[in-house]
Amino acid sequence: MAGILYLVPTPIGNLGDLSQRIIDTLGEVDFIAAEDTRVTVKILNHLGLKKPMVSYYRHNTETSGPAILQRLLAGESCALVTDAGTPAISDPGEELVAMCAESGVDVVAIPGPCALVTALAVSGLPTGRFTFEGFLATNKKNRKNHLDSLRQEQRTMIFYEAPHKLLSTLGDLRDAFGADRRISLCRELTKLHEEVRRTTLGAAADWYGENPPKGEFVLVVEGAAPAEAEPLTMEEGVQRVLELYEQGVSMKDASRQAAQETGLNRKELYREAVAAQNE
Ligand code: SAM
């Protein structure tokens, strides 16, 4: 019988967040697949555990993934851990879970530390509906497209960001959503210098322009007010379809995406975009 893949979260800063179930699972599995074995060994040492480890990180998923799957299929159980937080959330794991699902291997996700949920909860912004956007691309065009696609977004938006890119990201967010849009900057969560700065995009860009950011950040940004999110005109919608089409998205998929983003009619967008292209 196949073994089980356990997705085991690890602390994002506070070792006290290692739950009993996390500790028991790390102790019971046959082996651990770790993003960085040097980081994970520190947790194992802290817990007084010794366990065989293999590495599973962003650049070896294609070779390491199938090798882990083979061991699972042969009946071994595995705990997947990353450097901090929940595996598969802006961290390695997504492909391995998909492979297990396809091969009929059970996957058990253990609840635990996750920066995005912790930040959302403490943000003071609406939590009823939210969207997790991960890291914005460093490539200018992809970044712009990503932000453009969020202009009408009414749900609270959550971004991850590295401290050295924070300032330029705040500038881009301000330009995309306006200086008055509210943001909660959640820094060093669960750590000694944990801080939540509830402010606006304009004020945040100014503040960090003068006070260089340090530590890890989650950015929780208020969604667009319904009035701001008035549907785009058909002309603007068609523009968006053609923009996506130029990036290599098929006309059909571009129309579908633009319809989702703008609330405009998909068939009409498609028809108008094809006509505009043939002009
Ligand atoms: N899988 C992880 C999780 O569940 O949160 C996220 C890993 S992602 C590679 C790392 C990003 O998470 C950081 O750049 C930062 O945006 C956020 N992050 C991680 N720990 C944090 C902390 N203690 N305080 C604030 N943000 C944190």
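Looking only at the chain, where both bridge partners belong to it, what percent of the DSSP beta bridges are antiparallel (to the nearest 5)?
45
Taking R0 as 30 Å, what FRET efficiency do you get between Ala162 and Ala67 from their Cβ-Cβ distance, rounded to the nearest 0.05?
0.50
Pairs to check: Lys140/Lys214; Lys141/Lys165; Lys141/Lys252; Lys165/Lys267; Lys144/Lys267; Lys50/Lys191. Give those whose C-alpha atoms are more than 28 Å from each other in this structure.
The pairs that break the limit, which is 28 Å between Cα atoms, are Lys165/Lys267.
I want to check the label-to-label distance for Asp24 and Leu49. Put each point 7 Å from Cα in the C-beta direction and report it in nm to one decimal.
1.2
At what distance in angstrom do the alpha carbon centres of the stretch 104-124 and the stretch 43-71 lie from each other?
When both Cα centres are located, 20 Å separates them.
Determine the relative contact order of the stretch 234-278: mean sequence separation of Cα pairs under 8 Å and six or more apart, normalised by residue count, in whole percent.
43
For the chain, what is the calculated [θ] at 222 nm in deg cm²/dmol (nearest 500), taking -39500 (n - 2.57) for each run of four or more DSSP H residues and dividing by its residue count?
-13500 deg cm²/dmol
May I ask you to derive the FRET efficiency for Ala179 and Glu235 from their Cβ-Cβ distance with R0 = 22 Å, giving the value to the nearest 0.05?
Step by step, r from the Cβ atoms, then E = 0.25.
The stretch 245-260 to the stretch 177-205: how many Å between their Cα centroids?
If we compute the Cα centre of each part, the gap is 34 Å.
Gain in length, Arg197 to Glu246, computed as 0.36 nm per residue apart minus the alpha-carbon separation, to one decimal in nm?
13.7 nm
Throughout, read-outs are computed from the coordinates displayed, never taken from laboratory work. Note that the structure is predicted; figures quoted are calculated from it, not measured. All Cβ positions, even for glycine, are placed from backbone atoms using ideal geometry, and neighbour counts span all protein chains on display.
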